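Notes follow the structure.
Nothing in this text is a laboratory measurement; each read-out follows from the coordinates by a stated rule. Quantities reported herein were computed from a predicted structural model and do not represent experimental measurements.
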Amino acid sequence: MKNKDRYPDNWDEIALRVKIKANWTCSKCGLKCLSTDDKRTDKSQRTKLTLTVHHSDYDPSNNHQSNLIPLCSACHLYMHRGRRQNISPGQLKLDLGV
């Protein structure tokens, strides 16, 4: 789970807007990810094709549009390697609902 106090109450809405604007595509590798309308049940495929939103300054309280980057789960994990100080346990676990 995310450390909720570091994110605004409307984080899910903010993240969804970023994903829609990116047409569900990772800005780093170009992978086309699954939208919330895609109801595939294969967990491994959903995990690979989940789009997340990364804070480029690593500050979850800075939700300015220019700070938010749509990334597939693999690219998001790659961006956070070695930068564990702002990640709560389980934060980068995938939310398969969004």
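Using only alpha carbons, the range 4-86 has a radius of gyration to Kirkwood radius ratio (Rg to Rh) of 0.96. Extension gain, residue 80 to residue 12: 0.36 nm times the residue separation minus the Cα-Cα distance gives 22.5 nm. Near residue 72, the amide H atoms lying under 5 Å from its own belong to 26, 27, 28, 29, 52; only residues 5 or more places off or on other chains count, and H is placed 1.01 Å from N.
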